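A.B. asks: Have a look at this one.
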Amino acid sequence: MPALKPAAPGAAAPASSATEAIYVDNSNVQELKATCDEAVERILTRAPHGFAASHLAGDLRMALGFIAAAVMIGTSAWAWRLEPEWSKNKWGCGVAVAVYTVLSAVQYVLAHLSADRIFLGTRARSGASQTLEICAPPLPKAQTDKQPGPDGQRWTTPPVYHIVVKSGGKEVKKEVGHCGEWFTSTGEFVESHFAESLQAALRDHL
């Protein structure tokens, strides 16, 4: 079985001392990414950064989904209980289907526009308002050496976590680091190490 390559020789991430430890499956890149994505907001919304996170897009998609579901459920109940005759309810059902389709299309567009966005926040800085948007593309697969090294092992380099930072009308891609720097061999997430790497990547924006 390939060994996990540490960030530097002998420098694997130590276990966290946090009271509520977070554990993930190291082999699941979706879990690794989701854990990092969620930590970005926690880090940026607390002192000393103090951003106020905006969840408007997500809340709007949820509201549209709720309304679309309510329209279809209400129409189905009306057609079944009050107006079961198809010749009389077909127009109402047609309108409901049209409304559902439009709302679903708007949901899809909003989801597409904010597909990789993991953080959108604002804060007051030097008397002005600063907006920071961060997107994180999907993690690549871990890379395992094809041939054993001098030590006889085939090392696996964990996937690299990148972010795209949008602030002040500029957009730049940053490498935060690879997941082996803040996930232990048992899958524990060391948020303090991730915070250091994130802040280093964002130093020009913080």
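Laboratory data are not the source of any read-out in this text; all were calculated from the coordinates shown. Since the model is a prediction, treat every value here as computed from it, not as a measurement. Because the Cβ atoms are built from the backbone with ideal geometry, glycine has one as well, and the counts that use them run over all protein chains shown.
A.B. asks: With a/c under 1.5 counting as rounded, go ahead and sort the range 36-138 into rounded, prolate or oblate using the C-alpha gyration tensor (a ≥ b ≥ c being the square roots of the eigenvalues; past the cut-off, prolate if a/b is larger than b/c, else oblate).
C.D. replies: It comes out prolate by the Cα gyration axes.
A.B. asks: Let me ask another. What label, among (1) -0.29, -0.53, -0.80, -1.17; (2) -0.26, -0.50, -0.83, -1.43; (3) -0.44, -0.69, -0.90, -1.22, belongs to log10 I(q)/I(0) by the Debye sum over Cα atoms at q = 0.08, 0.11, 0.14, 0.18 Å⁻¹ computed from the structure on display?
C.D. replies: (3)
A.B. asks: Sticking with this one: Can you work out the FRET efficiency for the pair PHE66 and VAL160, with r the C-beta to C-beta distance and R0 = 35 Å, to the nearest 0.05? Don't skip to the end; give the middle numbers.
C.D. replies: Values: r = 37 Å, r/R0 = 1.07.
With R0 = 35 Å, the Cβ-Cβ based efficiency is 0.40.
A.B. asks: Taking the range 31-79, which trypsin sites (Lys or Arg not before Pro) meet the DSSP loop condition and have no more than 16 other C-beta atoms within 10 Å? Could the numbers behind the result be given before it?
C.D. replies: Values: sites: LYS33, ARG42, ARG46, ARG61; in loops: ARG46.
When the trypsin sites (Lys or Arg not before Pro) of the range 31-79 are filtered for loop state and at most 16 Cβ neighbours within 10 Å, ARG46 remain.
A.B. asks: Which residues in the range 41-66 have a backbone N closer than 17 Å to a point placed 7 Å from the Cα of HIS112 along the Cα-to-Cβ line?
C.D. replies: Residues 61 fall inside that zone.
A.B. asks: Would you work out which of VAL109, GLY177, THR45 lies farthest towards the positive end of the dipole of the chain? Charges go on Cβ: Lys and Arg +1, Asp and Glu -1.
C.D. replies: VAL109
A.B. asks: Right, something else. Hey, got the dipole for the range 80-206? About the Cα centre, +1 on K and R Cβ, -1 on D and E Cβ, debye to the nearest 20?
C.D. replies: Numbers: 14 positive and 13 negative charges, 100 e Å.
Here the size comes out at about 480 debye.
A.B. asks: Within the chain, which whole H helices from DSSP have a Cα span along their axis of at least 20 Å and a mean Kyte-Doolittle hydropathy of 1.0 or more, if any?
C.D. replies: Numbers: long enough: 29-45 (25 Å, -0.04); 56-77 (31 Å, 1.42); 86-113 (40 Å, 0.74).
Helix filter hits for the chain: 56-77.
A.B. asks: In nanometres, what is the gap between the two model label sites at ASP151 and TRP91, each 7 Å from Cα along Cα-to-Cβ?
C.D. replies: A separation of 7.7 nm, rounded to one decimal place.
A.B. asks: Ok, one more. Among 135-142, 89-96, 196-203, 178-185, how do they line up from the highest to the lowest mean number of other beta-carbon atoms within 10 Å?
C.D. replies: Ranking, from highest mean packing down: 178-185, 196-203, 135-142, 89-96.
A.B. asks: So, in nm, how far is label THR144 from label VAL102 when the simple model puts each one 7 Å beyond its Cα toward the Cβ?
C.D. replies: Distance between the two pseudo-spin positions: 5.3 nm.
A.B. asks: What length, rounded to one decimal in nm, is gained on full extension from SER167 through to ASP59, with 0.36 nm per residue of separation minus their alpha-carbon distance?
C.D. replies: 36.6 nm
A.B. asks: For the range 57-112, build the convex hull from the C-alpha positions and give me its volume per residue in Å³. Before the final figure, lay out the partial values.
C.D. replies: On the way: hull volume 2.9 nm³, N = 56.
So the per-residue hull volume is 51 Å³.
A.B. asks: So for each of 155-161, 50-56, 169-175 I average, over its residues, the number of other beta carbons within 10 Å; can you give me the resulting order with the highest mean first? Please list the in-between numbers first.
C.D. replies: On the way: 155-161: 18.9, 50-56: 13.1, 169-175: 11.0.
So the order, starting with the most tightly packed, is 155-161, 50-56, 169-175.
A.B. asks: Given the options GLY121, ALA98, LEU82, identify the residue whose Cα lies farthest towards the positive end of the charge dipole of the chain (+1 on Cβ of Lys, Arg; -1 on Cβ of Asp, Glu).
C.D. replies: Among GLY121, ALA98, LEU82, the one farthest towards the positive end of the dipole of the chain is ALA98.
A.B. asks: With bins 10 Å wide starting at 0, give me the P(r) of the range 85-206 over every alpha carbon pair, in whole percents.
C.D. replies: 10, 25, 23, 17, 12, 9, 3, 1
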